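Data first, discussion second: the structure below is written as structure tokens.
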């Protein structure tokens with residue numbers, strides 16, 4: 001029989017724990033106040049317009065939702081793909097996945113024009129809409145993740161772990177495909193009309209979810225003085241490297257596909273060369289900070305041995321991920337809709353004369369605060385979860401991991 | 001009750017039952033709301049074809065033909081008329097909003113577009129509004145079914161079920177939709193408007209429902225003597241719009257998307 005894993009609640013000092021909770025609560029309160037302000041005044045107080053209709057809140061929301069499905073991968077690797085070394089990581093993976101999803105959904109809902117009509121969205125469906133499907137994919141994901149956690153924690157449910165885990169894995173693939181398809185099925189826009197967006201979102205979720213997971217794991221273990229051995233860290237880090245590389249690969253394919261089709265060359269030259277902030281976000285954020293730099297750290301012979309550098313790589317992947325979402329969501333809206341091929345748009349109607357030019361968008365403070373509030377909600381759920389329930393293994397030392405790998 | 005009256009009432013009764021069945025079957029969707037609307041409109045006392053007594057049917061498909069050669073440079077009669085008709089001129093910039101930003105935040109149903117051919121330099125003017133597609137992307141993507149297409153081809157928003165997600169605005173290839181960014185102080189009964197919902201051109205549905213057969217923009221264009229916009233029933237070969245379309249070739253904007261738009265343009 002392989003070694004038994006011992007789970008313990010998060011045992012950091014109460015002052016530290018309550019301090020953290022108070023800080024997160026404050027951030028959430030500020031985010032909530034920002035949402036209330038936008039809701040009360042209307043969206044005119046944001047940077048959003050009739051051209052850029054989805055702003056910074058969507059960047060955060062989509063990132064959190066994508067990362068949520070990715071965070072569950074760690075559990076899937078253990079149960080579905082039978083890697084014993086990942087088994088002790090599974091519970092935290094499920095918790096983080098649920099927490100990130102709740103955070104993301106809150107931001108999404110609070111950015112609606114009529115958040116008070118959430119009940120309408122929950123009761124009135126148009127099934128030709130990917131959005132309507134996503135409502136089921138998201139709530140289903142939460143329910144399945146909670147069920148999955150139960151099979152891990154309750155001995156009576158242990159035998160169900162594999163089938164439930166497999167189902168959760170398939171569900172999360174559907175979820176990210178659905179999220180990617182929100183954009184991929186928009187035929188009218190140059191940037192979006194491509195099926196490659198759905199698999200690209202799946203790969204992005206692998207990378208962002210794992211980066212978020214590693215940061216949470218390393219921080220919570222560090223605070224509690226629990227050991228993480230070099231072996232498990234090396235495995236996670238290498239996996240992250242693989243995922244980040246895959247994101248870059250899909251990015252390349254996405255742009256090559258666009259460049260090959262002559263009708264999209266204008267959009268590509270906008271994004272890759274002359275798009276100002278969006279070009280900067282693409283090369284500097286998406287490619288460099290979120291891709292090449294973390295890869296450099298992860299495969300550097302010396303830096304990759306240092307925990308702080310590994311954590312830095314994870315943080316860079318997250319920052320780069322937010323930049324990627326900014327480019328995908330906002331850059332693509334800022335670029336004018338191409339309605340008249342072969343023609344220059346001299347003017348696009350007296351009001352909002354922006355049809356021919358790139359639409360301006362400057363994110364406002366309330367939007368940013370709402371987005372950060374969503375992140376804080378996810379962190380609060382994780383903090384409370386690991387404090388009151390046994391989500392984290394006592395140790396992930398090399399000895400412990402070796403013991404798990406022993407044959408039954 | 002005489003036989004004649006009975007015969008007249010029977011179709012009415014059938015419609016009533018049909019609508020009721022529709023309301024039950026589609027209770028969860030926007031279809032239900034539309035059916036209930038039809039139900040209340042079809043009062044048994046008014047079996048004749050007077051305005052507002054019958055549910056909208058697919059006997060007509062309303063549409064427009066725009067002859068860009070007749071659309072005058074610098075003229076904004078259609079835009080002004082639409083603003084008046086649909087209360088868009090009642091919008092006020094919120095105190096403290098940036099002037100340039102507000103220009104792109106206020107609702108616009110019809111805009112005047114000016115194009116120049118990249119090769120020949122030829123300049124074209126045209127009005128651009130909701131194209132009332134047969135296969136509208138905005139209706140496909142709307143999660144609640146608030147964005148819907150009427151039987152007579154008009155694409156519009158049910159403001160009771162719109163949650164303000166703006167997905168339709170992302171999907172529309174024509175930038176035809178507007179989100180209400182601000183608190184609305186004044187509005188017209190015929191064009192209700194509320195903060196947090198999306199709206200767009202509805203081909204002056206209130207006029208059509210009252211028996212009129214023209215839109216404010218088309219009327220204004222004619223009054224200016226341009227006659228660039230011709231409105232009518234695309235299904236009626238004798239309607240002015242079909243007559244105008246028969247005389248010269250026309251096309252749809254973003255024809256590649258095969259949305260079969262209800263608004264067609266000549267000279268683009």
**Report entry** Residue check, residue A:124 modelled with pLDDT under 95, touching a helix residue (DSSP H, G or I) at 6+ places or on another chain (Cβ under 9 Å) and crowded, with 22+ Cβ neighbours inside 10 Å
**Finding:** yes
Query - Test: residue in the stretch A:388-403 that is touching a helix residue (DSSP H, G or I) at 6+ places or on another chain (Cβ under 9 Å), crowded, with 19+ Cβ neighbours inside 10 Å, part of a helix (DSSP H, G or I) and within 14 Å of another protein chain (Cβ to nearest Cβ) - result: no
Report summary line: Of the residues in the stretch B:225-234 that are in a loop (DSSP other than H, G, I, E, B) and surrounded by 16 or more Cβ atoms within 10 Å (Cβ to Cβ), the one that is nearest to the other protein chains (Cβ to nearest Cβ) is B:228
Query - Count of the stretch A:221-246 residues which are in contact (Cβ under 8 Å) with a residue 60 or more places away in the chain, touching a helix residue (DSSP H, G or I) at 6+ places or on another chain (Cβ under 6 Å) and farther than 17 Å from residue A:86 by Cβ - result: 1
Query raised in the report: Can you tell me which residues in the stretch B:76-86 are surrounded by 19 or more Cβ atoms within 10 Å (Cβ to Cβ), out of contact with any helix residue (DSSP H, G or I) (no Cβ under 7 Å at 6 or more places or on another chain) and under 17 Å from residue A:347 (Cβ atoms)?
Result: B:79
**Report entry** Selection from the stretch B:243-268 of residues that are over 18 Å from the mean Cα position of the chain (by Cα) and outside any loop (DSSP other than H, G, I, E, B)
**Finding:** B:243, B:244, B:245, B:246, B:247, B:251, B:255, B:256, B:257, B:266
Requested in this report: Tell me, please, whether a residue that is within 30 Å of residue A:335 (Cα to Cα) and crowded, with 16+ Cβ neighbours inside 10 Å can be found in the stretch A:293-301.
Outcome: yes
Query - Sole residue being facing another protein chain (nearest Cβ under 8 Å), at pLDDT 95 or above and crowded, with 19+ Cβ neighbours inside 10 Å, chosen from B:138, B:130, B:168, B:142 - result: B:142
Query raised in the report: Looking at (1) in a strand (DSSP E or B); (2) closer than 23 Å to residue A:348 by Cβ, which is the only condition residue B:148 fails?
Result: (2)
Report task. Could you pull out the residue among B:252, B:186 that is over 19 Å from residue B:57 (Cα atoms), in contact with a helix residue (DSSP H, G or I) (Cβ under 8 Å, 6 or more places away or on another chain) and either in the same structural domain as residue B:104 (by TED's automatic domain parsing) or surrounded by fewer than 16 Cβ atoms within 10 Å (Cβ to Cβ) (or both)? Result -> B:186
Report summary line: Filtering the stretch B:157-186 for residues that are over 18 Å from the mean Cα position of the chain (by Cα) and more than 19 Å from residue B:145 (Cα to Cα) leaves a count of 6
Requested in this report: Keeping to the stretch B:255-268, report how many residues are under 24 Å from residue B:82 (Cα atoms) and crowded, with 21+ Cβ neighbours inside 10 Å.
Outcome: 5
Query raised in the report: What do you reckon, is residue B:221 within 25 Å of residue B:189 (Cα to Cα), touching a helix residue (DSSP H, G or I) at 6+ places or on another chain (Cβ under 7 Å) and within 14 Å of chain A (Cβ to nearest Cβ)?
Result: no
Report summary line: Scanning the stretch A:176-206 residue by residue, the ones that are within 17 Å of residue A:54 (Cβ to Cβ) and modelled with pLDDT of 85 or more total 8
Report task. Please state which of the following conditions residue B:114 fails to meet, knowing it meets all the rest: (1) free of Cβ contacts under 8 Å to residues at least 60 places away in the same chain; (2) more than 8 Å from chain A (Cβ to nearest Cβ); (3) out of contact with any helix residue (DSSP H, G or I) (no Cβ under 7 Å at 6 or more places or on another chain); (4) buried (at least 19 other Cβ atoms within 10 Å of the Cβ). Result -> (2)
Report summary line: residue B:108 fails exactly one of (1) within 7 Å of chain A (Cβ to nearest Cβ); (2) out of contact with any strand residue (DSSP E or B) (no Cβ under 6 Å at 6 or more places or on another chain), namely (2)
**Report entry** Number of the exception - residue A:51 against (1) within 14 Å of chain B (Cβ to nearest Cβ); (2) surrounded by fewer than 22 Cβ atoms within 10 Å (Cβ to Cβ)
**Finding:** (2)
Query - Condition met for residue B:83 (in a helix (DSSP H, G or I) and more than 7 Å from chain A (Cβ to nearest Cβ)) - result: yes
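Conditions tested, residue by residue: (1) within 30 Å of residue A:323 (Cα to Cα); (2) within 14 Å of chain B (Cβ to nearest Cβ); (3) at pLDDT 95 or above.
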{"site": "A:343", "(1), (2), (3)": "no, yes, no"}
{"site": "A:350", "(1), (2), (3)": "no, yes, no"}
{"site": "A:359", "(1), (2), (3)": "yes, yes, no"}
{"site": "A:363", "(1), (2), (3)": "yes, yes, yes"}
{"site": "A:367", "(1), (2), (3)": "yes, yes, yes"}
{"site": "A:370", "(1), (2), (3)": "yes, no, yes"}
{"site": "A:373", "(1), (2), (3)": "yes, no, yes"}
{"site": "A:379", "(1), (2), (3)": "yes, no, yes"}
{"site": "A:385", "(1), (2), (3)": "yes, no, yes"}
Requested in this report: List every residue pair whose Cβ atoms lie under 8 Å apart, where the two residues are 6 or more positions apart in sequence or sit on different chains, the first residue falls within the stretch A:93-111 and is without any contact (Cβ under 8 Å) to a residue 12 or more places away in the chain, and the second residue, located anywhere, is in a helix (DSSP H, G or I).
Outcome: A:109/A:115; A:109/A:118
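The values are calculated or read from the model by the stated rules, or taken from the named source; none is laboratory data. Quantities reported herein were computed from a predicted structural model and do not represent experimental measurements. Note that we place each Cβ from the backbone using ideal geometry, even for glycine, and neighbour counts take in every protein chain shown.
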